[in-house]
Amino acid sequence: MTDAARSVAEFDALIIGAGFSGLYQLYCLRERLGLSVQALEAGEGVGGTWYWNRYPGARCDSESHSYCYTFSRELLEEWQWTERYPGDAEIRRYLNHVADRFDLRRDIRFGTRVSSAHYDAAANRWRVTTEKGEQLTAQFLVTAVGCLSTANVPNIPGLETFAGRWYHTGQWPHEGVDFRGKRVGQIGTGSTGIQAAPVIAETAAHLTVFQRTANYSVPARNAPLTDEFQRWAKENFDEVRKVMHATTNGHPFYIDRRRVFDVTDEERQRIYEAAWEKGGLQFRATFHDLLLDKKSNDTAAEFIKNKIRQIVKDPATAAVLADIDHPYAAKRPPIDTDYFETFNRDNVSLVDVRRSPIEAITPEGIRTRDAEYPLDIIVFATGFDAMTGPLLRMDIRGRDGIPLAEVWRAGPRNYLGLQVAGFPNLFTVTGPGSPSVLCNMPVAIEQHVDWITDCIAHMRESGFNRVEADPKAVEGWMEEVQRAVDATLLPQAQHSWYLGANVPGKPRIFMPYAGGMARYRKICAEVAEKGYEGFAFGT
Ligand code: NA7
């Protein structure tokens, strides 16, 4: 360790992460409040989730004209998206542009993974240590670690014996993977697997998809953006933003007010058909009660299952793909480019691992209960230890040295998804208990970062040095989070990562706030207006 590494660097605020949230938080604290700030980023570049997710077919499911920052008019004017949905490389280009344009890099330490963050009550400072042994302290600590950044590689016996290569989609090699002539096995059919399989199949000798839970998917209908649309999006951005701020999930379209059984069967079919043709997450917005009423949801579910049966030529394969056990959109609904069509290719096959579970990985490939599949490459599209994973893998300790892992042993508990009781001056951007992953992420991120920035500004104006969530407010918020989800069909998906069900041993708690982004925004604004009700300030 060098002397420089051993000395303690002091700042007003430290931010963990330099993705969408970290970059904007750095901008706000430095440019708006004039704080001394340092962002600590594990990757060698900006991008966060998008720095790591470079798997074949990686693309955002939010439409590009809404998947961006809105805080800078100039940025909006000058940036040009090229496709309806931005691909991973284009998002990285965008975030690099943001970092350069606002001169953010000079306050970011790349290749710097935080190993611990301990609150020192006497000094009212956070003491942060990195894996390289650097030590930094700050009054404020903001985690901008993303919701889907801790790769979940399932603990399948024998992985270490596999003679081929294996990759997790969330830690994809920057130089890419050459599938030509290779027998590839892909485990996982969530949003990622559904994006990756069609692209892998284009070059692999053979692709075997191992499906545990069948999934709905609607065509994305990605396409280059026309000049006319680009002009329209720029000229009408204020209106677009108004819609994004007024809707449940932050997308640039409203959820229709009509209910499924307000219309005739024929009309409903016509509406679903039109939404299928239009493509994308707007399918979920066709009716108001799709996520509220199981009978209503069944109509959408049946529509998509029928589409699967029509698209996939082999009836046995179609039956496995359409054997979906949860309501439509109760798990994150994927959108795709030729996913179901991929199973019509001669070089693609499907294995139902719900019926015949994976028992082991052998030197040659994957062994299920009934068969062995020789493979050269295994792709784990197996998701993430979502939302709490990125926070709990750091050793975060609050007042009296209490570890966050202990406070959250039975599941995450906090106030507004922003602060944990007992962890003063620690803010969690898009933390569990906030809408985050149920929302178009940049919308959720900008709201959180603005709120945190305003809160710190308020403290400085009022002479406060410490802010901490009141345990009673935490209790009340946890009840609200539960109430919100109980009003929906979301808990009916047993295997959802929203519930932590994809990670063995993780407490089963519905993590994001399901009451809608617009409602959540209003609640946070009211809390601030009432003098930050539920937060205790100290000097
Ligand atoms: P997801 O949505 O968590 O999907 C992971 C997939 O991997 C899912 O099909 C899982 O089946 C499957 N999986 C996980 N572990 C195993 C094992 N051990 N055996 C077989 N199959 C397994 O992750 P994604 O990366 O697709 O998407 C995450 C989010 O990123 C997405 O929702 C967007 O918001 C962006 P399961 O359903 O658990 O039975």
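The values are calculated or read from the model by the stated rules, or taken from the named source; none is laboratory data. Everything numeric here is computed off the predicted structure, so don't read it as measured data. Glycine also receives a Cβ, built like all others from the backbone with ideal geometry; neighbour counts cover every protein chain displayed. Ligands, DNA and RNA are excluded from the accessible area calculation, which covers all protein heavy atoms including side chains. Shrake-Rupley method; radii C 1.70, N 1.55, O 1.52, S 1.80 Å.
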task = Could you provide, to the nearest whole Å², the per residue accessible area of the chain with probe 1.4 Å?
result = 40
inquiry  = Among 300-306, 473-479, 58-64, 17-23, how do they line up by average Cβ neighbours within 10 Å per residue, starting with the highest?
reply    = 17-23, 58-64, 300-306, 473-479
remark   = In the structure shown, of LYS132/LYS506; LYS305/LYS506; LYS294/LYS331, the pairs separated by more than 19 angstrom at the C-alpha atoms are LYS132/LYS506; LYS305/LYS506
ask   = Hey, if we sort ASP338, ASP256 by accessible area with the 1.4 Å probe, largest down, what's the order?
value = ASP338, ASP256
request  = Could I get the Rg over Rh figure for the chain? Both from C-alpha atoms, Rh via Kirkwood, rounded to two places.
outcome  = 0.96
note = Burial-style ranking of 90-97, 417-424, 341-348, average other-beta-carbon count within 10 Å with highest first, yields 417-424, 90-97, 341-348
query = ILE15's amide H: which non-local residues (gap 5+, or another chain) put their own amide H closer than 5 Å, with H modeled 1.01 Å from N in plane and none for Pro or chain starts?
reply = GLN38, ALA39, LEU40, VAL142
remark   = In this structure, the FRET efficiency calculated for GLU77 and GLN269 from their beta-carbon separation, with R0 = 41 Å, to the nearest 0.05, is 0.45
request  = With the full set of protein chains in place, find how many percent of the accessible area of the chain is carbon and sulfur; take the probe as 1.4 Å.
outcome  = 48
task = Could you list which residues have their amide H under 5 Å from that of LEU207, counting only those 5 or more apart in sequence or on another chain, with H placed in the peptide plane?
result = VAL184, VAL348, SER349
Expected 222 nm ellipticity per residue - DSSP helices of 4 or more, -39500 (n - 2.57), all of the chain, to 500 = -9500 deg cm²/dmol
remark   = Given 376-382, 522-528, the highest-first ranking by average Cβ count within 10 Å works out to 376-382, 522-528
query = lysines near LYS530 by alpha-carbon distance under 30 Å, same-chain residues fewer than 8 away left out - which ones?
reply = LYS242, LYS472, LYS522
key: Amide H contacts under 5 Å for GLU10, placed H, 5+ residues apart   = THR137
task = Convert each backbone phi in the range 316-325 into a coupling constant with the Karplus relation 6.51 cos²θ - 1.76 cosθ + 1.60 (shift: θ = phi - 60°), then list the ³J(HN,Hα) values in order as whole Hz, x for Gly and Pro.
result = 5, 5, 4, 5, 5, 5, 9, 7, 9, 9
request  = Per residue of the range 240-249, in order, report the coupling 6.51 cos²θ - 1.76 cosθ + 1.60 (Karplus, θ = phi - 60°) as ³J(HN,Hα) in whole Hz, putting x for Gly and Pro.
outcome  = 4, 5, 4, 5, 4, 7, 9, 9, 4, 10
ask   = Over the alpha carbons of the range 396-520, what is the largest minus smallest coordinate on each principal axis, giving the biggest first in Å?
value = 47, 34, 23
Loop-located trypsin sites (Lys or Arg not before Pro) in the range 348-394, at most 16 other Cβ atoms within 10 Å (DSSP) = ARG354, ARG355, ARG369, ARG393
request  = Kindly state, as a whole number, the per residue volume in cubic angstrom of the convex hull around the alpha carbon atoms of the range 343-469.
outcome  = 179
